[in-house]
Amino acid sequence: MSEIEIGRGKRGRRAYSFDDVAVVPSRRTRDPQEVSVAWQIDAYRFELPVIAAPMDSVMSPATAIALGKAGGLGVLDLEGLWTRYDDPEPLLAEIAGLDEATATRRMQAIYDAPINPELVTERLREVRESGVTVAGALTPQRTQQLWKTVVDAGVDLFVIRGTTVSAEHVSGRAEPLNLKRFIYELDVPVIVGGCATYTAALHLMRTGAAGVLVGFGGGAAHTTRTTLGIHVPMASAVADVAAARRDYMDESGGRYVHVIADGGMGRSGELVKAIACGADAVMLGAALARAVEAPGRGWHWGPEAHHPELPRGERVAVGTLGSLTEILEGPGRFADGKTNLIGALRRAMATSGYSDLKEFQRVEVVVAPYTPA
């Protein structure tokens, strides 16, 4: 890999975003209706390679159920409003109507309410009774406190998600979560992240995780790059972590860890390029927040937006474009890549001659930077 001299005392590797790369068609084409976009993690098979980000603007128990029935996976934020309040709907409506100048302060106050373990159990029960796969997310900081409640509630997939999650957290104030021991002792598969480098991903894979989330700081509602100076362009991040998956398979004797791109995919072309760079599935936030059913009512925010000490996210207006079905599988009403995401993925795979996602990971890509309109 070529490095660029930033100054005499520092060099940096050139990294690429999804806007910097493009997929190259091959000699063969296929019928889009004969392309499979299904994937499987552990014992759970999904017809769509879409996981909803655990954000209050994206997922409620009802939308998690709707996405599950559509073929994807909804992940509930178990530290969000749905586990802090019996009825969060009035608060969701209030957040959608907040003035920009006071939004962060008011959201900090709203999210200051304690998490109720009984509500964690109730929300997961509601999803489980619908018959879809149940997934819930906690940050590493809350996992030790609430993991037993989550597992006892009958979760199928456990997600540990943070801005950045490492296998070697160091703290002199409290005993950090030992990911390897925790995952080994747990009876359910764990998806963990984010990470954005080969080395960090390899260490997370060695903990026994079933899947690794790739990305931090690149989502529509994040300001991590401006507040912390941390950002890794997603095309390079996904490709690096896919390389870690390949090398870990050799190291472990064939154990496959799923790579899930998380962030920076608001349009269908970015979803296509995430798979092309090596992702098995994508975790979508803003793209799904545009659905009529989304709890955010046309607004989108993540847990970083209401951090009590250092907010590094924003409440952003994403608008409402159509139903969840239209967002995922059309019909598309706009030519901007924000609706019929899966239809676009199928067509891209068919145009380049690939019949399933694992094959499509081998598609040729070129560096072709452009600035989106």
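Points worth noting:
- Whole-number percent relative contact order across the chain, with pairs defined as alpha carbons under 8 Å at least 6 apart: 23 percent
- Neighbours of residue 202 by Cβ distance under 11 Å: Lys/Arg scored +1, Asp/Glu scored -1, total 0.
- In order along the stretch 279-294, phi translates into HN-Hα couplings of 6, 8, 7, 10, 9, 10, x, 4, 4, 8, 5, 7, 6, 4, 6, 4 Hz, rounded to whole numbers, per the Karplus curve 6.51 cos²θ - 1.76 cosθ + 1.60 with θ = phi - 60° and x for Gly and Pro.
- Cβ-based net charge around residue 111, under 15 Å, with every Lys or Arg adding one and every Asp or Glu removing one: -2
- Spatial separation of Cα centroids for the stretch 281-298 and the stretch 56-90, in angstrom: 11 Å
- Computed label-point distance, nm, for sites residue 317 and residue 249 using a 7 Å Cα→Cβ extension: 4.6 nm
- Using θ = phi - 60° in the Karplus curve 6.51 cos²θ - 1.76 cosθ + 1.60, the 3J(HN,Hα) couplings for the stretch 316-332 round to 10, 7, 10, x, 10, 10, x, 6, 4, 4, 5, 4, 7, 10, x, x, x Hz; x is entered for Gly and Pro.
- Point-to-point label distance, residue 226-residue 129, nm (Cα→Cβ direction, 7 Å offset): 4.4 nm
- Once the Cα gyration tensor of the chain is diagonalised, semi-axes √(5λ) in Å: 29, 24, 22
- For the stretch 20-367, the tally of Lys pairs with Cα-Cα distances below 30 Å comes to 9, considering only residues 8 or more apart or on different chains.
- In the chain, the calculated helix contribution to ellipticity at 222 nm averages -9500 deg cm²/dmol per residue, counting -39,500 (n - 2.57) for every DSSP H run with n ≥ 4.
- FRET efficiency for residue 34 and residue 334, using Cβ-Cβ distance with R0 set to 30 Å, rounded to 0.05: 0.70
- Here the chain carries DSSP beta bridges of which approximately 30% are antiparallel, counting only pairs with both residues inside.
- Each Lys and Arg Cβ is given +1 and each Asp and Glu Cβ -1; about its Cα centre, the stretch 20-367 then shows a dipole of about 760 debye.
- Considering only 154, 230, 60, the residue lying farthest towards the positive end of the dipole of the stretch 20-367 is 230, judged by Cα position with unit charges set on Cβ.
- The string of couplings for the stretch 120-130 from the Karplus curve (6.51, -1.76, 1.60, θ = phi - 60°) is 4, 4, 5, 5, 5, 4, 4, 5, 4, 5, 7 Hz, one whole number per residue in order, with x for Gly and Pro.
- Environment charge at residue 6 (Cβ cut-off 12 Å; Lys +1, Arg +1, Asp -1, Glu -1): +3
- A cut-off of 5 Å between modelled amide H atoms, ignoring neighbours fewer than 5 places along the same chain, links residue 76 with 135, 136, 137.
- Dipole-positive endmost among 355, 124, 12 within the chain (Cβ charges, Cα centre): 12
- Build a GNM of the chain with springs between Cα atoms under 10 Å apart, and of 229, 194, 285 the one that fluctuates most is 229.
- Of the GluC sites (Glu not before Pro) in the stretch 1-63, those whose Cβ has at most 12 other Cβ within 10 Å and which sit in DSSP loop: none
- For the stretch 1-64, a simple Cβ point-charge model (Lys and Arg +1, Asp and Glu -1, everything else neutral) yields a dipole of about 480 debye relative to the Cα centre.
- Other-chain or far-sequence residues with amide H under 5 Å of residue 323's (modelled H): 292
- Shape of the stretch 79-143, Cα gyration tensor, a/c cut at 1.5: prolate
- Extreme residue, positive dipole direction of the chain, given options 317, 75, 29 (C-beta unit charges): 29
- Cα→Cβ-extended label distance, 7 Å offset, between residue 364 and residue 13, nm: 2.5 nm
- Total charge dipole magnitude, the stretch 190-304, about the Cα centre, Cβ charges on Lys, Arg, Asp, Glu only, Debye to nearest 20: 200 debye
Quick note: the coordinates plus some simple rules give every number you see, no bench work behind them. Computed from a prediction, not measured in an experiment: that's the story for all the values here. Neighbour counts run over all protein chains shown; Cβ positions are idealised from the backbone, glycine included.
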